[in-house]
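Visitor: If you scroll down you'll find the structure; I have some questions about it.
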Amino acid sequence: MIKQLSSISSKDKNYLELLFIASVVISPLFLLTVSGWMTRIVVLCALLAFFVQYKTKKSSNPLHIKNQSNIYTKLLCISLSLPTIAVFLGQVFNGNLIASYYDSPIHILICVLVLLAVKNINCDTVKWMSYIFPVALIIALANIIVAPNLFWGTGRLTTNALDPLMFGSLSLTLGLLSLVSIKLDAIKSRWIMFYKLVGFAAGVYLSIASGSRTGWMALPLVGLLWLYVENHKYSIVTKAITMVTASILLFATYSASTVVHHRVNVAFQELSTYQWNPISPNADTSVGARISFVRIALFLFEKKPLSGWGDGNFENVINDPALNFASAGTKRVALEAGFHNDITANMVRSGVWGLTATILLFLVPAILFLRCLKSSKKNQRDVAFLAATFLICQFVSSMTMEIFTLKYSSSFYGLMIAILSGTIMSYNTVNYAGNTSKSS
């Protein structure tokens with residue numbers, strides 16, 4: 001293998017690097033419309049990253065442990081590896097090794113290669129990828145207009161590639177990424193701005209059309225983050241006007257859209273009627289079931305904190321009297337379809353190892369992104385803001401659906417974290433206190 005790699009000419013290496021960059025840039029293109037797209041593109045990116053990384057390895061400077069960029073690289077590589085380690089440790093304590101459990105974790109693990117390669121290439125990868133977000137949404141919009149997937153009813157539109165929960169969440173994520181990526185353009189072209197605003201509008205519309213509330217809370221959170229990031233630019237009056245305008249827009253959307261109006265009202269009604277110590281089981285509602293899922297997960301975690309239960313291997317305890325707060329339908333969904341929450345799902349699946357892995361998969365990138373919002377380099381700050389936006393969207397969505405247990409959603413998360421983190425760390429400024437130093 002080493003001989004074969006050494007025989008690659010310099011010209012071929014350049015072509016490989018360009019092919020890698022192209023693959024990374026187009027990775028979100030058919031996320032919403034083509035089944036299996038993301039699981040295939042992440043493997044392609046990882047394979048190309050392996051060759052790109054081999055090319056740059058000899059020319060890289062030695063690692064210095066005190067360099068913050070290298071410390072975060074190591075922490076990110078560890079966090080991307082933890083889901084695989086968590087599944088292994090859970091199975092070791094359970095005494096039962098099942099290969100299929102590694103499908104999603106390994107798709108996250110191979111993104112380590114992408115992270116290292118993106119960090120070592122000299123390219124504004126995220127900026128170029130930002131032009132793909134609106135295209136992906138426009139393609140999805142055309143798809144549901146021409147050939148909508150009506151399996152879940154006319155009030156829950158999606159494509160044939162995704163269920164309404166995932167479709168709505170990812171549509172809103174790409175829409176918000178389209179919007180905040182306007183900051184990446186040094187030359188503010190009106191056409192480019194209009195193009196990205198169209199992408200944002202399409203993302204919001206598709207999220208509403210899906211009938212899924214998953215991820216909606218990300219909108220105000222990203223808005224607050226934007227105000228924080230631009231704090232030094234605007235006066236108190238401007239901020240107040242912005243907040244009032246945003247509130248009016250949210251209220252107008254709530255009033256004008258029957259889907260939003262109905263879904264929000266139902267959510268509040270289901271939350272207010274949930275009984276914590278009921279005489280009879282709680283009704284099998286969307287919000288009520290999710291609260292019960294968390295309570296069931298905590299009960300199961302106490303039983304097997306080190307080994308976990310694997311996937312649906314707790315049928316013998318699901319009817320325990322301590323779980324009488326949950327309806328039979330809610331229990332059946334927990335057994336057959338999971339817990340609709342990444343933290344609880346992985347906590348039940350792999351015990352404390354799954355819980356730790358899931359928290360760190362969010363926490364480590366969050367620390368990097370938030371610290372880089374204070375970087376002295378504008379391009380690093382802007383990419384960090386876009387990265388923080390992505391993380392907010394994914395974290396909010398993960399509270400009501402599972403990301404890390406599905407191959408395509410875990411592939412998307414792992415690949416985006418690798419691309420965003422690698423791009424941030426590829427810039428020279430890595431000292432977040434405002435000083436400059438060269439990253440290796």
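The values are calculated or read from the model by the stated rules, or taken from the named source; none is laboratory data. From a predicted model like this one, the values you see are computed outputs, not experimental measurements. Because the Cβ atoms are built from the backbone with ideal geometry, glycine has one as well, and the counts that use them run over all protein chains shown. Accessible surface areas use protein heavy atoms only, side chains included; no ligands, DNA or RNA. Shrake-Rupley method; radii C 1.70, N 1.55, O 1.52, S 1.80 Å.
Visitor: Of all residues being in a helix (DSSP H, G or I) and open to solvent by 90 Å² or more (accessible area, probe 1.4 Å) in the stretch 1-18, which is modelled with the highest pLDDT? Just the residue, please.
Guide: LEU18
Visitor: Shifting gears a bit: Which condition from (1) modelled with pLDDT under 90; (2) closer than 24 Å to CYS111 by Cβ; (3) in contact with a Ser or Thr (Cβ under 6 Å, 6 or more places away or on another chain) is the one that ARG381 breaks?
Guide: Among (1) modelled with pLDDT under 90; (2) closer than 24 Å to CYS111 by Cβ; (3) in contact with a Ser or Thr (Cβ under 6 Å, 6 or more places away or on another chain), ARG381 violates only (1).
Visitor: Could you run through the stretch 26-45 and say how many residues are within 16 Å of LYS127 (Cβ to Cβ) and either crowded, with 20+ Cβ neighbours inside 10 Å or modelled with pLDDT under 95 (or both)?
Guide: 2
Visitor: For residues that are open to solvent by 60 Å² or more (accessible area, probe 1.4 Å), assigned to a loop (DSSP other than H, G, I, E, B) and out of contact with any helix residue (DSSP H, G or I) (no Cβ under 8 Å at 6 or more places or on another chain), tally how many sit in the stretch 261-300.
Guide: 5
Visitor: Assuming ASN341 fulfils every condition listed in (1) open to solvent by 50 Å² or more (accessible area, probe 1.4 Å); (2) farther than 19 Å from ASN96 by Cα apart from one, which condition is it?
Guide: Condition (1) is where ASN341 drops out.
Visitor: Here's something else I'd like to know. Pairs needed: first member in the stretch 323-345, touching a residue at least 40 places away in the same chain (Cβ under 8 Å) and closer than 11 Å to ARG295 by Cβ; second member anywhere, open to solvent by 20 Å² or more (accessible area, probe 1.4 Å) and in a helix (DSSP H, G or I); C-beta distance under 8 Å; at least 6 residues apart or different chains.
Guide: Correct list of pairs: PHE325/ARG295; ALA326/ARG295; PHE339/VAL294; THR344/VAL294; THR344/LEU298.
Visitor: Of all residues in the stretch 212-243, how many are under 27 Å from ASN341 (Cα atoms), open to solvent by 30 Å² or more (accessible area, probe 1.4 Å) and either modelled with pLDDT of 95 or more or among the small types (Gly, Ala, Ser) (or both)?
Guide: Start the filter on the stretch 212-243 by keeping residues that are under 27 Å from ASN341 (Cα atoms), which leaves 212-226.
Among the residues that remain, those that are also open to solvent by 30 Å² or more (accessible area, probe 1.4 Å) are: 213, 216-217, 219-221, 223-224, 226.
Pick out the ones that are also either modelled with pLDDT of 95 or more or among the small types (Gly, Ala, Ser) (or both) and you get 223.
Count: 1.
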